Amino acid sequence: MTSNTIEFIFNNEILKISNPDPNETILNYIRLKLKKTGTKEGCAEGGCGACTIVLGDLVDNNIQYKAINACIAFLPTLNGKQLILVEDLISSEGKLHPVQNAMVKFHGSQCGFCTPGFVMSMFAMYKNNKSLNDEIINDSLSGNLCRCTGYRPIIDAAKSLNKKSDNDEFIRFKKKTINLFKKIKIKNIEIKKENKKYFAPNTILKLKNILKKNPDAKLLSGGTDLSLEVTKSRKEIKKIISLNSIKELDFINNKKNEIEVGAGTSLLKFEKFIKKYYPDFNSILKRYGSVQIRNVGTIAGNIATASPIGDTLPLLLSLDTKIILDGPNKRELIPLNKFFISYRKTRLKKGQFIYSVKIPIYKKNIFKAYKISKRFDDDISSVCGSFNIEIDKNRIKKIKIAYGGMSEVPKRAKNTEKILINSIFSEKIFIKAIRNLESDYKPIDDMRASKLYRMEIAKNLLMKCFLEVKNKKMLRIN
Ligand SMILES: Cc1cc2nc3c(=O)[nH]c(=O)nc-3n(C[C@H](O)[C@H](O)[C@H](O)COP(=O)(O)OP(=O)(O)OC[C@H]3O[C@@H](n4cnc5c(N)ncnc54)[C@H](O)[C@@H]3O)c2cc1C
Ligand code: FES
Ligand code: FES
């Protein structure tokens, strides 16, 4: 069944909108149409958290709560979700929610502009965790900026929620909300609004048919890159195909020597999974944007963006990742290092999409990754280095090195690898390799970092990797 009407839960009712504008952000809809102005606009690019809202989703008969940035999410993506705004936290008797009470008690608000965003991030954290610790709190709040109160009182408020008894309105109405979720059938959505079209197929087969007829359409996964064309570049996206309703793209398969991650898997889901195999991959993802960004952003979106500073890319390259492309013809398995052509250009042809990402599991190898950015949290890399080494009897049997931020595409350091392979694992050979990095890269020069700085950092990261492995000790400031 195909419909032009999106349906979502709001205030314990199902709300329907026919032919919503595919380029309208959820933030604009909330503030201008619902007239709920508690949710604020700060940056309009997902960086400050002032617009944080929470979306409820029915997963295995339970409601999962996701904090997202409403400023960079398009309205039709609300289909099938529960929309929760800061105004909805107060109980029907007019009582503040425990997270709001905590902010009052610990003086977590001064001018108040950032407060609704913090409250919503804290609310999602409160609902999703049985107990809290510093890591969960810092992670949950790292996507929200405050420019006057300072963070200590806000963090104190979050810490005070630790011994919670979760009996808020959302528990009281849980059964009713689950029943409402079940009433919304996830249909194939096709919207035509003025000169714009939006498709949200619910199967891969339907996706392929739509792509065949609309090869010029833009694919939308988390939208954390694509939506900025509208909110920042002020362009119109005429045709969008959302991949968010295709359950077949949201999976992680774990085979013996390989993990396969579906294109639609959120970065947050992937980061939890990958920790067991590659803890450094998890650490890099923890510093990737914010929880709001990683709740929706996908690994396939990061790959297709092909940014020279895309954080997962050097890590995936050093792990010799392959990707599966699907489309009008047969599925194609290609090595990731053959996918990037030039600045933000890839081998993806019209009508094709990334189906999945295949990451080998190296049981014997040492895997290290480092991200250098101006700010620790919620910032994009200046340089990101990743190293995958197999050492046998103090000899480097195999090594794969890749950097982001060092050329127009993320790329392996193949010349440097040649120097290290089959050599004794020693400081001498690493010093030689470090000098050689200049033959692999001509770094980019931009406002984030100069080319000189980037080269120096890349060299230092390779030496840091050597020292950490040699001394079996982490050399990190966290
Ligand atoms: C505030 C903020 C912070 C950020 N921080 C970081 C960071 O720390 N590190 C980092 O690397 N990036 C960061 N980004 C960039 C962004 O999150 C990534 O590029 C992201 O991975 C894009 O994934 P997405 O699912 O949101 O893609 P979308 O925005 O939906 O799509 C991005 C591009 O990929 C294409 N695409 C999406 N899915 C597919 C598919 N399955 N097949 C083919 N093409 C597809 C789209 O058509 C589009 O061209 C940040 C962005 C914001 C707004
Ligand atoms: S307004 Fe800054 S993150 Fe949305
Ligand atoms: S209270 Fe003013 S910005 Fe946070």
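Percent relative contact order of the stretch 366-471, based on C-alpha pairs within less than 8 angstrom and at least six residues apart? Mind dumping the intermediate values first?
Values: 180 pairs, mean separation 23.5, N = 106.
Result for the stretch 366-471 is 22 percent.
Count neighbours as other Cβ atoms within 10 Å of each site's Cβ, and list the GluC sites (Glu not before Pro) in the stretch 226-268 that are DSSP loop with at most 14 such neighbours.
Values: sites: 229, 236, 248, 258, 260; in loops: 236.
The qualifying sites are 236.
Set the bar at 30 Å for Cα to Cα. Now go through 193/272; 81/338; 182/232; 256/286 and name every pair that lies beyond it.
On the way: 193/272 39 Å; 81/338 38 Å; 182/232 36 Å; 256/286 26 Å.
Violating the 30 Å limit, Cα to Cα: 193/272; 81/338; 182/232.
Of the beta bridges DSSP finds with both residues in the stretch 1-154, what % are antiparallel, to the nearest 5?
Numbers: 18 of 19 bridges.
If we restrict to bridges inside the stretch 1-154, about 95 percent are antiparallel.
What FRET efficiency do you get for residue 190 and residue 343 if R0 is 45 Å and r is their Cβ-Cβ distance, rounded to the nearest 0.05? Mind dumping the intermediate values first?
Working: r = 34 Å, r/R0 = 0.75.
So the FRET efficiency works out to roughly 0.85.
Calculated FRET efficiency, residue 104 and residue 176, Cβ-Cβ r, R0 45 Å, to nearest 0.05? Don't skip to the answer; put the middle values down first.
On the way: r = 29 Å, r/R0 = 0.63.
Here the calculated transfer efficiency is 0.95.
Please compute the Cα-Cα pair-distance distribution of the chain with 20 Å bins starting at 0, giving whole percents from short to long.
23, 54, 22, 1
What's the extension gain from residue 366 to residue 475 if we count 0.36 nm per residue and subtract their Cα-Cα distance? Numbers along the way, then the final one.
On the way: separation 109, 0.36 × 109 = 39.24 nm, distance 1.52 nm.
Difference between extended and current length: 37.7 nm.
Extension gain residue 11-residue 273, at 0.36 nm per residue separation less the Cα-Cα distance, in nm?
On the way: separation 262, 0.36 × 262 = 94.32 nm, distance 3.36 nm.
Gain on stretching residue 11 to residue 273: 91.0 nm.
Can you give me the C-alpha center-to-center distance between the stretch 392-428 and the stretch 181-198, rounded to a whole angstrom?
Here the two parts' Cα centres lie 49 Å apart.
Between the stretch 116-175 and the stretch 1-75, what is the separation of their alpha carbon centroids in Å?
The distance from the Cα centre of the stretch 116-175 to that of the stretch 1-75 comes to 20 Å.
Quick one: of the DSSP bridges fully inside the chain, what percent are antiparallel, nearest 5? Spell out each step's value before the answer.
On the way: 63 of 72 bridges.
Just about 90 percent of them are antiparallel.
Normalised by the number of residues in the chain, what is the relative contact order in percent for Cα pairs under 8 Å and 6+ residues apart? It would help to have the intermediate numbers written out before the result.
Details: 981 pairs, mean separation 55.0, N = 478.
Once divided by the residue count of the chain, the mean separation gives 12 percent.
For residue 397, go through the aspartates and glutamates and keep the ones whose alpha-carbon is under 15 Å away, minus same-chain ones fewer than eight residues off.
Answer for residue 397, where 15 Å is the Cα cut-off: 417, listed by chain and number.
Please find the FRET efficiency linking residue 453 to residue 236, where r is the Cβ-Cβ separation and R0 is fixed at 41 Å, and quote it to the nearest 0.05.
Values: r = 38 Å, r/R0 = 0.92.
After rounding to 0.05, the efficiency reads 0.60.
So how do 120, 125, 447 line up by other beta-carbon neighbours within 10 Å, fewest first?
Numbers: 120 29, 125 21, 447 5.
Final ranking by Cβ density, sparse to dense: 447, 125, 120.
For the pairs 368/411; 66/174; 358/418; 239/330, note any where the Cα-Cα span goes beyond 18 Å. Display every interim value, and only then the final one.
Values: 368/411 16 Å; 66/174 16 Å; 358/418 25 Å; 239/330 25 Å.
Cα-Cα > 18 Å for 358/418; 239/330; rest within.
So what is the 222 nm mean residue ellipticity for the chain from helices alone, if each DSSP H run of at least 4 adds -39500 (n - 2.57) and you divide by all residues, rounding to the nearest 500 deg cm²/dmol? Mind showing how you got there, number by number?
Working: 16 runs with 144 residues, N = 478.
It comes out at -8500 deg cm²/dmol, rounded to the nearest 500.
Considering only DSSP beta bridges whose two residues both sit in the stretch 190-269, what percent are antiparallel, to the nearest 5?
55
Here, each number is a calculation from the coordinates, and none is a lab measurement. Model, not experiment: these values are computed from the prediction. We place every Cβ from the backbone using ideal geometry, glycine too, and count neighbours over all the protein chains shown.
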